[in-house]
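Heads up, the thing below is written out as structure tokens.
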Amino acid sequence: MKSVIEGLKPEIVWKHFENITKIPRPSKHEEKILKALRIFAKDRKLQTREDTTGNIVILRPGSGGGEKSPTIVIQSHVDMVCEKNRDSNHDFMKDPLNLYIEKGWLKAKGTTLGADNGIGVAAALSLLEMPKETTLPPLECLFTVDEETGLTGAFALNGEIIKGRTMLNLDTEDWGEICIGCAGGGDSSLNLPIEIQEAPSDFLSFQLSVEGLQGGHSGVDIHEERGNAIVFISSILDNLCQNTDTRLVSLEGGDKHNAIPREAFATILISPEAVSDAQIIVSNKENGFKKEFGSLETNMQVILSGLNSSPKNSLTKKSQINLINLIRTLPHGVLKYSHDVKGLVETSNNLASVKIKNDYYNIVCSTRSSIAEALEFQRERISIIANSYDALIEQEESYPGWAPNINSPILDITKKIYSEMLNTKPNVCAIHAGLECGVIGEKVDGMDMISFGPTIKGPHSPDERVEIESVDKFWTLLLKILKALTVK
């Protein structure tokens with residue numbers, strides 16, 4: 001059977017990427033990809049270093065006259081965000097991704113693609129496998145774990161396993177850009193106690209759903225003001241409960257802390273005489289969302305459908321009000337733009353998920369900011385909101401941002417090469433997403449860093465795709481930078 005990637009350039013990078021898509025690598029479950037990296041290094045007689053967290057460094061000596069050059073660190077993370085469409089049966093713990101090409105983009109059917117950061121991993125493996133006569137400086141290819149759920153690998157990195165002091169991070173997602181800074185961030189986990197009561201026997205049961213939203217990366221895409229399914233469904237539930245006799249049985253939406261929720265579902269009970277009014281309310285709310293978001297969220301659906309079985313219990317009125325009001329009070333979206341960098345989101349919050357767990361609801365928020373004080377200000381605000389509804393809150397230590405260094409030597413080299421390739425100046429920028437650079441920079445003193453990569457759209461959602469042509473350009477840029485860093 002012909003491979004989907006057959007004939008794509010550069011062959012070596014696509015070969016490694018296709019192999020990676022066959023290896024399960026959800027965040028916190030990277031055992032199989034780490035084993036594959038160890039085997040890769042052993043088969044090629046390459047030295048490795050590891051720390052206790054699972055971060056691996058694979059070393060390649062300099063070659064082709066670059067033996068005495070300073071060591072360069074190539075950094076990428078091995079885990080991927082595992083999101084899929086509701087109708088997908090894909091099992092991320094065992095199934096290979098189903099790849100296909102559409103109009104110059106590589107995608108995966110019904111699931112995330114893992115180009116974030118699988119393309120970076122594939123590029124690093126390709127460098128390690130280059131012929132011995134290739135002109136390259138000594139390389140330390142650093143593969144970190146569990147980046148997507150809070151930069152765990154970077155936080156726990158033993159800096160002693162890294163000797164180089166120039167690092168190329170391969171986790172940026174726009175060809176033509178050089179990233180020199182990123183936001184810091186931190187999650188808030190709110191646990192709201194609830195009480196249940198016996199549901200009225202004559203009420204009719206329904207499922208209310210908000211589906212078909214784009215979702216996306218809570219840092220990269222937050223500025224687009226995409227719809228949030230949890231925000232939408234809580235607004236509908238609030239209207240229903242205030243204007244009809246509606247009882248909330250369950251509510252669930254969102255999944256990953258760094259993904260904008262695409263879907264949300266609620267099971268509700270409605271008194272028979274209020275069903276018609278409820279249908280009108282849901283229809284009116286859907287029309288309102290479409291007026292506000294319709295040109296962006298073209299596949300949005302709000303559905304109220306009857307259920308055959310009727311739940312025996314529902315939330316008490318107090319618990320119902322507390323849950324809905326808490327969700328409606330929590331912030332979502334861009335909270336402030338930078339005054340210094342035009343168009344850069346400075347601070348944001350992603351209302352990421354709501355799930356029932358035994359006798360409480362767990363609500364997760366992911367807050368980002370390029371200013372540490374602003375980040376903590378918003379996390380304090382979320383804590384105050386949680387306390388006002390008697391919800392318990394857990395906030396782990398936030399991770400630092402990466403302060404831009406416009407005088408970076410590696411930035412100067414990269415700008416010159418990039419400009420020649422683009423026939424114009426590259427966009428030197430900071431991004432609102434979290435990168436491991438800031439954390440690694442604190443672990444390894446004196447690290448000079450930049451980040452770049454091919455064009456990837458829709459990360460953290462089943463619409464994730466990578467522009468095939470940009471991967472070839474990205475690979476060429478990487479080789480040219482390394483050649484420029486080679487001292488003969």
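Quick look at the values:
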quantity	calculated
Residue-normalised accessible area of the chain, expressed per residue, 1.4 Å probe, Å²	43
Residues of type lysines that LYS318 reaches as a straight line, Cα spacing below 20 Å, ignoring anything fewer than 8 places off in the same chain	LYS355, LYS357
Apportionment of accessible area to carbon and sulfur, region 260-415, percent (1.4 Å)	49
The chain: angle of helix 468-484 to the longest principal axis, Cα-based, in degrees nearest 10	40
Pairs from LYS9/LYS483; LYS107/LYS285; LYS84/LYS163 whose Cα-Cα separation, in the structure shown, is over 31 Å	LYS107/LYS285; LYS84/LYS163
Zone residues, region 367-384, relative to LYS336, backbone N less than 13 Å from point 7 Å out along Cα-to-Cβ	368-381
Volume in Å³ per residue [convex hull over Cα atoms, computed for region 311-465]	161
Additional length obtainable on full extension of the chain from THR476 to LYS290, 0.36 nm per residue less Cα span	62.6 nm
Rg over Rh [alpha-carbon atoms, Kirkwood Rh] for the chain	1.02
Rg [Å, one decimal], Dmax [Å, integer] - region 73-123, C-alpha atoms	12.0, 41
Computed Kirkwood radius, in angstrom, where 1/r is averaged over Cα pairs of region 377-488	17.5
The chain: calculated mean residue ellipticity at 222 nm from DSSP helix runs of at least 4, using -39500 (n - 2.57)	-9500 deg cm²/dmol
Loop GluC sites (Glu not before Pro), region 79-150, which have at most 13 other Cβ atoms in a 10 Å radius of their Cβ (DSSP)	GLU133
Quotient of Cα Rg and 2.2 N^0.38 Å for region 237-323, N being how many residues it contains	1.18
Rounded to 10°, Cα long-axis angle of helix 409-422 versus longest principal axis of the chain	80
Fraction of accessible area attributable to carbon and sulfur, region 128-190 (%, probe 1.4 Å)	50
Helix axis angle, 317-329 relative to the chain longest principal axis, alpha carbon, degrees	40
Amide H partners (placed H, <5 Å) of ILE450, local residues excluded	MET167, ASN169
Quotient of C-alpha Rg and 2.2 N^0.38 Å, computed over region 65-175	1.27
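The values are calculated or read from the model by the stated rules, or taken from the named source; none is laboratory data. Since the model is a prediction, treat every value here as computed from it, not as a measurement. Note that we place each Cβ from the backbone using ideal geometry, even for glycine, and neighbour counts take in every protein chain shown. For accessibility, only protein heavy atoms count, side chains too; no ligands or nucleic acids. Shrake-Rupley method; radii C 1.70, N 1.55, O 1.52, S 1.80 Å.
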